[in-house]
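First up is the structure itself, then whatever we jot down about it.
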Amino acid sequence: MSSQRKFFVGGNWKMNGDKATINEIIEFMKGPINTNTEVVVGCPQCYLMYTRQHMPASIGVAAQNCYKVAKGAFTGEISPAMVKDCGCEWVILGHSERRNVFNEPDKLISDKVGHALEAGLKVIPCIGEKLEEREGNRTEEVVFAQMKALLPNISDWSRVVIAYEPVWAIGTGKTATPEQAQDVHAKLRQWLRENVNAQVAESTRIIYGGSVTSGNCQELAKKTDIDGFLVGGASLKPDFVHIINART
Ligand code: 13P
């Protein structure tokens, strides 16, 4: 972990929680949290305002998706302007569930990232390969293509945190080994060096997601190019605090 990059831990609640469980999460999030870690929770749209109002101010709140324009006839969508109006600063975009369950293509995700940045949000774009792609030795090709699609729409890298989430590790209990994750993170950083510039490569946080738990987070957090985590299931439980404090 480079000292240049502040450790970053995001919780992605996905489509889970209600006011009662969010209250419980808010309680444990008041626990002893390392101030050297930047923490953001991604909550369902309908609870953005509630979560923002009740979560400690030091913890960021993210939407889990938003559309590529500011307003209009797009039934069921929300815009970055609305996320901001709810008091939130972040959005997770291109999560593997958006890509694979809702068939969002690279171009749409890229346009969403571009508009969210223009609107002033900070963005966590997600990338990652499927099991058959890894087994076919196509991991690099897949994640580089996902990065390439994002590139034209990223104006300000200081407001971007890249989440590498191998699809085969999400919700499966099958975490990438620290070596597997480090290998892809290092390649992504090298890709940034070659396709953006050295400063962006050194300063951009690349976080790992996929079955991160309090049991495996410390070994992962020791790796040079792993700058934090995006956590699904474990972010709903008090154990999340241990993951936030993985480098303590
Ligand atoms: P799990 O931590 O539940 O595997 O989910 C990872 C994820 O998708 C975070 O965005």
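Coordinate-derived values only; no laboratory data. What you are looking at is a predicted structure, and each value in this text was computed from that prediction instead of being measured. Because the Cβ atoms are built from the backbone with ideal geometry, glycine has one as well, and the counts that use them run over all protein chains shown.
Structural remarks
- Look at the Cα gyration tensor of the range 1-83: its axes a ≥ b ≥ c give a/c of at least 1.5 with a/b at or below b/c, and that counts as oblate.
- Alpha carbon centroid spacing (whole Å) that separates the range 4-38 from the range 209-230: 16 Å
- Subset of K14/K174; K112/K174; K14/K222; K84/K122 violating a 22 Å alpha-carbon distance limit: K112/K174; K14/K222
- Inter-part distance where the range 119-197 and the range 87-106 are each reduced to a Cα centre, Å: 14 Å
- Gained length - T21 relative to N197, 0.36 nm times residue gap less alpha-carbon distance: 59.1 nm
- For the range 216-226, backbone phi angles converted through the Karplus equation (6.51, -1.76, 1.60; θ = phi - 60°) give residue-by-residue couplings of 10, 5, 5, 5, 5, 5, 6, 6, 4, 9, 9 Hz, Gly and Pro being listed as x.
- Assuming charge only on the beta carbon of Lys and Arg (+1) and of Asp and Glu (-1), the dipole of the chain about its Cα centre is about 360 debye to the nearest 20.
- For the range 87-104, Karplus couplings with θ = phi - 60° (6.51, -1.76, 1.60), whole Hz, Gly/Pro x: x, 9, 10, 10, 9, 8, 10, x, 4, 4, 6, 5, 5, 9, 8, 9, 6, 6
- Table column - 3J(HN,Hα) (Hz), the range 122-127, Karplus curve with 6.51, -1.76, 1.60, x for Gly and Pro: 9, 10, 10, x, 10, 9
- Each Lys or Arg adds one and each Asp or Glu takes one away; over the other residues whose Cβ falls under 15 Å from the Cβ of C217, this sums to 0.
- Scoring 24-31, 229-236, 195-202 by mean Cβ neighbours within 10 Å over their residues and listing the highest first yields 229-236, 24-31, 195-202.
- Taking T204, T224, T37 as the candidate residues, the one with maximal mean-square fluctuation in a Gaussian network model of the chain, Cα springs under 10 Å, is T224.
- One compactness figure for the chain is 0.93, namely its Cα radius of gyration divided by 2.2 N^0.38 Å.
- The range 29-132 - charge dipole about Cα centre, Lys and Arg +1 at Cβ, Asp and Glu -1, debye rounded to 20: 220 debye
- GNM top mover of A176, A57, A149 - the chain, alpha-carbon springs below 10 Å: A57
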